[in-house]
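Heads up: the structure comes next, in structure tokens.
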Protein chains: 2
Amino acid sequence: MKIAVDAMGGDYAPVEIVKGAVEAVKLHKLEVVLVGDHAAITKELAKYAYDKNLISVVHASEVIRMDEAPAVAVRKKRDSSIVVCNRLIKEEQADAVVSAGSTGAAMGASLLGLGRIKGIDRPAIASIIPTLTGYCLLLDVGANAECKPVNLVQFAIMGHIYAKKIMGIAQPRVGLLNIGEEESKGKELYVEAHRLLKESKLNFIGNIEGRDITRGRADVIVCDGFVGNVVLKFGEGLARDLMWMIKQELKKNIFVKVGAALVFTQAKGLKKRIDYAEYGGAPLLGVNGISIISHGSSDAKAIANAVRVAKECVEKKVVDCIRDSIHETILGDDEDARV
Amino acid sequence: MKIAVDAMGGDYAPVEIVKGAVEAVKLHKLEVVLVGDHAAITKELAKYAYDKNLISVVHASEVIRMDEAPAVAVRKKRDSSIVVCNRLIKEEQADAVVSAGSTGAAMGASLLGLGRIKGIDRPAIASIIPTLTGYCLLLDVGANAECKPVNLVQFAIMGHIYAKKIMGIAQPRVGLLNIGEEESKGKELYVEAHRLLKESKLNFIGNIEGRDITRGRADVIVCDGFVGNVVLKFGEGLARDLMWMIKQELKKNIFVKVGAALVFTQAKGLKKRIDYAEYGGAPLLGVNGISIISHGSSDAKAIANAVRVAKECVEKKVVDCIRDSIHETILGDDEDARV
């Protein structure tokens, strides 16, 4: 198995990306092809000892910057690292792509290079959220700011597959993010999505309110990409700022410092649970291939974990499963029956 | 000054509501009129020693339950506690209303009883959010699941007034919640609202991403009621569950328990900062009167604080200020120039 990694994408590219790729090949028994500026990548690679058979470099002369309009950039910059990564999959020289660059560009390049799965109108980005009892999958977290009810249903089906195949949940509980429990609650989009989800074959448990996301009531939580993106980033910011506030409180008292040291040593398990780097990346579900989108500030650990996620998606044939499931659930036997 | 308190609204009504009213008259130099079942209220009042001149009871024979459709219920149940509270303001027998009952009913009863301020198409619920540097005001947090761009601009103006008058911020920084910093980001509603806010006289600082809400970059953050409600409840749930997870981690090690005890004693200041009961209630801005909506699970402390918030709003003439400001900012000299 070979994973294409966009060496030029992310706040700490190429340094942390190359380091992460080296860690990944050591840990996960796979090959990585680093895509981007050949000189810059080989300079970084020279710092490490690794099996030369497992890491190769493919040169790409361009980079898509964070401030470029993604839809235009992926069409214009055909030799950009992220576009080349997706081309490698198309040409069967790689099995998946990992990028910590512009989310819009990663999405655009995968849509352009891999295409959509038949039956999926809009791909969605799915993110793992830690809960009191384990983890849940929230989608869409940013691919689609505007959605139709049928999009939310398709997100639910893709989330169901992912939770089953990758998270190992036999019968995933699917919830719809909303502002009240009753099915009449929320805006039109959500009322209609609720109706469609209730009619589907999914294990739909109804609406999930904001305060229940981290409670572990649902395994898959579906929402539009605007709400999902705000929630994901708010959670990240709140957890970070709350931890900072706790530390500041503790610094005020010298006696408490001893206690704090003990506490923070013990709380490492918790820190690991709420650290996005542990999850590595969020899959873009609905495209015809495995595309993992990593956090812009990914370090080597996050990249190595994203490569692991990519590997699992390839092994568990996530794309094939979504293709089959969408056909059964939405298309039925007769394609005209499509919602 | 006299504050009407809905004695029948909330998970712990009338017990905690009556207790909170007694605390409020002791702390805040004002009168409270408790509205609801006369027998139930007087039974609770009998438990306390208080100045009989400061607390009166007005009987209301009906209660609007959480599961009733609010718009219908406020029209049908004219003798419900929340409807009577608002009628008392209309009849100038009270200066403000506080309710921890159904948010929809509290909103509906205030809309029906008090009416809208001229120039405001949709009232909004504004909630205080603790940040690293102080507090910010988030609105709308649930009054309007669907919004138009002009609604968001009106929310911004009302938030500006509230931050200035009640939070004491001379020149409030107004931000628009969005999924990216660039003004082209987000959905149509937000792109258009951004354009209108940029043209306004407000101190508009642009888009605020989810991860920046608790950073303290903006004093007023504007969004539609669907997103705001999800964010508010998610923050409440996450803070609660994160604290629980920390405690669970600490329990695993007996040596750490000593440290934990020290830490949690010291962290009381922080707990106070993130405890919604400290803020008491969220004002419904845009109606022709002061209406404070409290959390459904309000205890006596939360109710006493909500009464304090109501008092401040009356003293600072928040309604008059919004009325004048909307006229200047939106209506201008010529009413036809209204956005």
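Assorted remarks:
- Between identical copies, the spacing of A:ASP121 label points, each set 7 Å from Cα toward the C-beta atom, reads 2.6 nm from nearest to farthest.
- Charge dipole of the protein assembly as shown (Cα centre as origin; +1 on each Lys and Arg Cβ, -1 on each Asp and Glu Cβ, all else neutral): 2200 debye, rounded to the nearest 20.
- Note on A:SER184 and B:ASP121: with the Förster distance fixed at 25 Å, the Cβ-Cβ geometry gives a FRET efficiency of about 0.65.
- Taking other C-beta atoms within 10 angstrom as a stand-in for reagent exposure, A:LYS2, A:LYS311 fall in the order A:LYS2, A:LYS311, fewest first.
- You can think of it this way: the chain between B:ARG195 and B:SER56 has 45.1 nm of extra reach, that is 0.36 nm per residue less the Cα-Cα gap.
- For a straight C-alpha distance cut-off of 15 angstrom, the aspartates and glutamates reachable from B:LYS118 (same-chain residues fewer than eight places away being disregarded) are B:ASP320, B:ASP324, B:GLU328, B:ASP333, B:ASP334, B:GLU335, B:ASP336.
- Entry note: the range B:70-128 has Rg to Rh equal to 0.95, where both radii use alpha-carbon atoms and Rh is the Kirkwood radius.
- Packing-based exposure ordering (other Cβ within 10 Å, fewest first) of B:MET243, B:MET107: B:MET243, B:MET107
- With the convex hull constructed from alpha-carbon coordinates only, the range A:29-170 shows a mean projected area of 11.3 nm² over all directions.
- Kyte-Doolittle mean at least 0.0, axial Cα span of 15 Å or more - DSSP H helices of chain B: B:15-28, B:103-114, B:149-165, B:225-251, B:254-266, B:300-315
- Projecting 7 Å from Cα along the Cα-to-Cβ direction, the label point of B:LYS247 sits 2.4 nm from its equivalents in the other copies, listed shortest first.
- Relative to the other identical copies, A:ASP11 shows label-point distances of 3.7 nm, where the label point lies 7 Å from Cα along the Cβ direction and values run shortest first.
- Of the beta bridges in chain A, as assigned by DSSP with both residues counted there, near 25 percent are antiparallel.
- In this structure, the residue pairs whose Cα-Cα separation is over 24 Å, taken from A:LYS26/A:LYS47; B:LYS201/B:LYS233; A:LYS2/A:LYS301; A:LYS47/A:LYS317, are B:LYS201/B:LYS233; A:LYS47/A:LYS317.
- Theoretical FRET efficiency, 1/(1+(r/R0)^6), r = Cβ-Cβ of B:GLN248 and A:ARG65, R0 45 Å, to 0.05: 0.55
- Among B:SER297, A:SER99, A:SER294, A:SER127, the order by Cβ neighbours within 10 angstrom, fewest to most, reads B:SER297, A:SER127, A:SER294, A:SER99.
- Cα-based Kirkwood hydrodynamic radius, the protein assembly as shown, one decimal, Å: 26.8
- Model label points for A:LYS26 and B:GLU328, set 7 angstrom from Cα along the Cα-to-Cβ axis, are 6.4 nm apart.
- Counts of other chain beta carbons within 10 angstrom of each beta carbon in peptide A:175-181 average 4.
- Longest to shortest principal axis, alpha-carbon extents of chain A, angstrom: 63, 59, 36
- Chain A - charge dipole about Cα centre, Lys and Arg +1 at Cβ, Asp and Glu -1, debye rounded to 20: 1120
- For B:TYR135 and A:LYS76, the FRET efficiency from 1/(1 + (r/R0)^6), where r spans their Cβ atoms and R0 equals 51 Å, is about 0.70.
- Dipole of the protein assembly as shown [Lys/Arg +1, Asp/Glu -1 at C-beta], most positive-end residue of A:GLN93, B:VAL230, B:LEU132: B:LEU132
- Pairs of alpha carbons in the range A:1-46 whose separation is greater than 11 Å (percent): 61
- Within chain B, helix-based [θ] at 222 nm, where runs of 4 or more DSSP H residues each add -39,500 (n - 2.57), nearest 500: -14000 deg cm²/dmol
- Fully extending the segment from B:LYS317 to B:LYS43, taken as 0.36 nm per residue of separation minus the present Cα-Cα distance, adds 95.2 nm.
- Antiparallel %, DSSP beta bridges [both residues in the range A:1-157], to 5: 25
All of the numbers you see were taken from the coordinates with simple rules; none came from a lab. The model shown is predicted, which means the values in this text are computed figures rather than measured ones. Virtual Cβ from ideal backbone geometry, glycine too; neighbours counted across all protein chains shown.
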